[in-house]
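Engineer: Have a look at the structure that comes next, please.
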Amino acid sequence: MQTGQPDQYAVMGYPIAHSKSPRIHALFAAQTGQNLEYRAILVEPGHFPAAARAFRDGGGKGLNITVPFKQDAWVFADLLSARAERAGAVNTLLFEPNGVRGDNTDGLGLVRDLTVNHGYPLAGKRILLLGAGGAARGVLQPLLAEKPVRLVIANRTAEKALGLALRFNDLGRVSACGFAELTERRFDLIINATATGLDDAVPPLPDDVLAAEGWCYDLMYGREPTAFVRWGRERGAVRSLDGLGMLVEQAAESFHRWRGVWPDTAPVITALREN
Ligand code: ATR
């Protein structure tokens, strides 16, 4: 039963108008009977700390953080989960009496979408992660926790990939290279965490880099299949998935941290796909 004022949550970003998070959390709340409101707040670059403080001082219970403020949120949090600490980025804030807690649920969302929703275990797999920016860094620890046999980070700027590999190499077998060094290598799962999709393009990859029976996963999603999803299909991927499932799963992880209950994600993913 819902009584009293609803608890307040929001997502902050720039831009924010197209965020699906308010719809996702409204569906979660309706499904689980949680008394909460969740809105999207546009924050001008440079104004994140003031906006987050104002939201908390107004009684807000928690925030999601999206581009370009995940690093600002990492700085803003008083207490970080080990995962967020490593990622150098926070997508979930909890305003608690003893301080602001920061977590990063992006990688958990990706792993859950692959392993639970699609039944694709990552243990023993050869994984290629494309990109070495914030999106790549946010998913590395949860990916390595699944114990792939190896994980290679490939990036246009190879040094950035190398820096990331060094930062995470105590967690598993992770190495780095530029795209040109991928010839004669095969991977069971290729994950696109580059920004190339914004130009409807894909990184320059060798044609045979996807192993037989391989899968592709794009962290981006769109109304139409993304360029990388199409790339995977054209190369015979068993499945070539976009990031909508990850989006809903990372939201579910945040919802659970805030409210202590797990929403059922399947009907929400279906509803967003139909939209
Ligand atoms: P995000 O937070 O989305 O990861 P980012 O930190 O700016 O954004 O990182 C963007 C990623 O996309 C980087 O890996 C970038 O490669 P560089 O490190 O070489 O810049 C990659 N990227 C962007 N445009 C690209 C392009 N045209 N071709 C290949 N990679 C590209």
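The values are calculated or read from the model by the stated rules, or taken from the named source; none is laboratory data. In this text, all values refer to a predicted model and were calculated from it rather than measured experimentally. Cβ placement follows ideal geometry from the backbone for every residue including glycine, while neighbour counts extend to all protein chains displayed. Accessible surface areas use protein heavy atoms only, side chains included; no ligands, DNA or RNA. Shrake-Rupley method; radii C 1.70, N 1.55, O 1.52, S 1.80 Å.
Engineer: Quick one: which residue in Gly99, Gly133 is in the same structural domain as Leu36 (by TED's automatic domain parsing) and surrounded by fewer than 21 Cβ atoms within 10 Å (Cβ to Cβ)?
Structural biologist: Within the list Gly99, Gly133, the selection yields Gly99.
Engineer: Which of the residues spanning the range 149-176 are open to solvent by 80 Å² or more (accessible area, probe 1.4 Å), within 13 Å of the ligand (Cβ to nearest atom) and either within 18 Å of Ala89 (Cα to Cα) or outside any helix (DSSP H, G or I) (or both)?
Structural biologist: Result: Arg156, Lys160.
Engineer: While we're on this one: For the range 225-246, state whether one or more residues are within 16 Å of Asp188 (Cα to Cα), among the charged types (D, E, K, R) and in contact with a helix residue (DSSP H, G or I) (Cβ under 7 Å, 6 or more places away or on another chain).
Structural biologist: no
Engineer: For Asp242, are the conditions met, namely being modelled with pLDDT of 95 or more, among the acidic types (Asp, Glu), open to solvent by less than 10 Å² (accessible area, probe 1.4 Å) and closer than 18 Å to Asp106 by Cα?
Structural biologist: Here the answer is no, as Asp242 does not meet what is asked.
Engineer: Ok, one more. Scan the range 108-137 for residues that are in contact with a Gly (Cβ under 6 Å, 6 or more places away or on another chain) and of a type outside the set (D, E, K, R) and report the count.
Structural biologist: 1
Engineer: Report, by residue number, each residue of the range 1-31 that is surrounded by 15 or more Cβ atoms within 10 Å (Cβ to Cβ) and part of a loop (DSSP other than H, G, I, E, B).
Structural biologist: Tyr14, Ile16, Ser19, Lys20, listed by residue number.
Engineer: Let me ask another. Kindly indicate whether any position in the range 179-201 is modelled with pLDDT of 95 or more, within 13 Å of the ligand (Cβ to nearest atom), open to solvent by 80 Å² or more (accessible area, probe 1.4 Å) and not charged (D, E, K, R).
Structural biologist: The answer is yes; a qualifying residue exists.
Engineer: Please work out which one of (1) at positive phi; (2) open to solvent by 20 Å² or more (accessible area, probe 1.4 Å) is the condition Gly88 fails and give its number.
Structural biologist: Result: Gly88 passes all but (2).
Engineer: Hey, another quick one. Answer yes or no as to whether Arg126 is under 23 Å from Phe69 (Cβ atoms), of a type in the set (Lys, Arg) and assigned by TED's automatic domain parsing to the domain that holds Pro203.
Structural biologist: Against the criterion (under 23 Å from Phe69 (Cβ atoms), of a type in the set (Lys, Arg) and assigned by TED's automatic domain parsing to the domain that holds Pro203), Arg126 does not qualify.
Engineer: Val116: under 22 Å from Gly245 (Cα atoms), outside the structural domain of Asn64 (by TED's automatic domain parsing) and open to solvent by 50 Å² or more (accessible area, probe 1.4 Å), yes or no?
Structural biologist: So Val116 fits the description; yes.
Engineer: In the set Arg223, Arg233, which member is open to solvent by 30 Å² or more (accessible area, probe 1.4 Å) and touching a strand residue (DSSP E or B) at 6+ places or on another chain (Cβ under 6 Å)?
Structural biologist: After applying the criteria, what remains is Arg233.
Engineer: So which residues in the range 32-69 are part of a helix (DSSP H, G or I) and open to solvent by less than 50 Å² (accessible area, probe 1.4 Å), if there are any at all?
Structural biologist: Thr32, Phe48, Pro49, Ala51, Ala52, Phe55
Engineer: Moving on to the next point. Tally time: how many residues in the range 177-189 are in a helix (DSSP H, G or I) and of a type in the set (A, V, I, L, M)?
Structural biologist: The total comes to 2.
Engineer: Quick check on my filter: what residues within the range 96-129 are within 14 Å of the chain's Cα centre (by Cα) and within 16 Å of the ligand (Cβ to nearest atom)?
Structural biologist: Scanning the range 96-129 gives Asn104, Thr105, Asp106, Gly107, Gly109, Leu110, Leu129.
Engineer: Could you grab the pairs with beta carbons closer than 7 Å, sequence gap of 6+ or different chains, first residue in the range 175-187 and farther than 20 Å from Leu140 by Cα, second one within 16 Å of the ligand (Cβ to nearest atom) and open to solvent by less than 50 Å² (accessible area, probe 1.4 Å)?
Structural biologist: Correct list of pairs: Thr183/Pro206; Arg185/Val209.
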